[in-house]
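Before any comments, here is the structure.
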Amino acid sequence: MKSTQLMIRVILFYLLAASFSCSEKSRPKPNILFIFADDQRADALGIAGNPNLKTPNIDALAQRGTRFTNAYVMGGNHGAICAASRAMLMSGKGLFRVLDRLDGEHTLPMHFAAHGYTTFGTGKWHNERSAFEQSFQHGTNVFLGGMANHYSVSLRDMTSGDTLSAPENRGYSTDLFTSSAIDFIENHVKSGAENPFFAYVSYTVPHDPYSPREDFIDRYNPDEIKLPENFLPLHPFQFDQLNIRDENLLAWPRDPEKVKAVLADYYALITHLDTQVGNLVETLKRLGQYDNTIIVYAADNGLAIGSHGLLGKQNMYEHSSKVPLIIAGPGVPENQIQEAYTYLFDLFPTLAALADLPEPEGIDGVNLVRLMRGDQNEVRSAMFTAYRHTVRSVRKGDWKLIRYPERDFTQLFNLKEDPAEQINLAEKPEMASKIEELKALLIQEQQAAGDTVAWTADEILPLEYDHTLVDRFPDRWQPEYTLDKYFSDLSPQ
């Protein structure tokens, strides 16, 4: 009798083990939907506490998943921060190992394609054309460049020979990229393909021109928009190219009413984008793919828009180097806020881990899965950022140091007491030891990253500048709407 019972237990054990093994093998790998915005501040989300802005669909993603409140882009090697940011994202490598070049790199979509995923890309690609062609199996409405007239974007499609077609101007960017992604997802699902998809949807908004689609233009009233807490008419000192194109978009000193007008248009671009995020999510639900799709929402870098007297992202203040980052879907804790320091290039190993793919080799990004699941409290103890050879920054805990080697100038902020970075504590005698501590940490982080810029440059340039001598002019991407609204004060060239 006992032997019979023992035999039954053994048989049941093996049946259960076999059943578990089969369910594990049959469990489908998750799809990946990667939504990437352009020049969106981390605080430009309703769920981030912005009182002026409505982003219900992105907010819902954050509630369904994990939102990272200290996610950064490491910086850039020239004014187009987005080129370096995207190269880091796609390669999983830090700034000084990849700069803005992707040719020859094993990219994020390549990694997924190598392990059975069907890969698709649409929207902005600010790196080499050949890198896109090598990274994606499919692509429609692909924009090769940094910025464009949103009303008429120069776009290409992937041909059967795995090359991008000649460019042609089409309609409004946000709508075209969304419809391309929806068409791809629908076709992939309806084809009966058993393999999962990796879809990269890279928008050109809210990057300027600040020209929302016509039905979104009056969505926000400038009179009801609040200026940033750290708004200034002029940046208090010179540290790089003050006439770089981002800074040309408004006159100096910054007119508060003009900044509010820009913010109203900027928020309208984001709200339009939010509606399209909702359309993408509804498509996944309609096709039965929502529960098995990991959705990432992120942006390539932040933006000033009046903060510290600046408009662009070519600086190391929090508003320009911090980015929104949300991950939602299977395997991701819901309604979680994660404060640990993260870089955008951490997404490469993180998505690979969530999809149970082999860990990519030779990268700098760190897998965030254990962090999200509560198995560790941090993945790095400090945050290092850099811009060209002119600015370096390190943050640890409540403290942040920004160093300007060409000006022999230092800023020190206590972000707990002064999150808007308005009070420079560097000149206070009692802060000398804190500066030395952070200086040593900055040099250590530079060495680890492969950065060779010295604490102080050989030639010291003045901090003072005359804003009346800075030339201002519109670029060729500005449509009639922005020319009339923001450049009408200029004399004809």
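The values are calculated or read from the model by the stated rules, or taken from the named source; none is laboratory data. The structure displayed is predicted, hence computed values, not measured ones. Cβ sites come from the backbone with ideal geometry, for glycine too, and all protein chains shown count toward neighbours. Quick note on the areas: whole protein, heavy atoms, side chains included, nothing else; ligands and nucleic acids left out. Shrake-Rupley method; radii C 1.70, N 1.55, O 1.52, S 1.80 Å.
Some observations on this one:
- Rounded accessible area of ILE443 (nearest 10 Å², 1.4 Å probe): 60 Å²
- For the range 402-493, the fraction of C-alpha pairs more than 20 angstrom apart is 60%.
- Summary of packing: across the peptides 461-471, 267-277, 196-206, the per-residue average of other C-beta atoms within 10 Å ranks them, highest first, as 196-206, 267-277, 461-471.
- Averaged over its residues, the chain has an accessible area of 42 Å² per residue, based on protein heavy atoms and a 1.4 Å probe.
- Within the straight-line cut-off of under 20 Å between alpha carbons, the lysines reachable from LYS29 are LYS190, LYS285, sequence neighbours fewer than 8 places apart in one chain being disregarded.
- Principal-axis analysis of the Cα atoms of the chain puts helix 81-91 at an angle of about 20° to the longest axis.
- D (Stokes-Einstein, µm²/s), Kirkwood Cα radius, the chain, 1.567 mPa s at 4 °C: 54 µm²/s
- Residue ranges 235-245, 430-440 sort as 235-245, 430-440 when ordered by packing (mean number of other C-beta atoms within 10 Å per residue, highest first).
- Karplus 3J(HN,Hα) series, Hz, for the range 181-198 with 6.51 cos²θ - 1.76 cosθ + 1.60 (x for Gly, Pro): 5, 5, 4, 4, 4, 4, 5, 5, 5, 5, 6, x, 4, 8, 7, x, 10, 10
- Qualifying GluC sites (Glu not before Pro) in the range 194-259, DSSP loop, other Cβ atoms within 10 Å at most 11: GLU194, GLU229
- Carbon and sulfur %, accessible surface of the chain computed with the full protein complex present, 1.4 Å: 50 percent
- Volume of the Cα convex hull of the range 212-260, divided per residue and given in Å³: 94 Å³
- The range 35-116: proportion of alpha-carbon pairs further apart than 22 angstrom, %: 42 percent
- Karplus-derived HN-Hα couplings along the range 153-168 (A = 6.51, B = -1.76, C = 1.60, θ = phi - 60°), whole Hz, x at Gly and Pro: 9, 7, 10, 10, 10, 6, 8, 5, x, 6, 10, 7, 6, 5, x, 9
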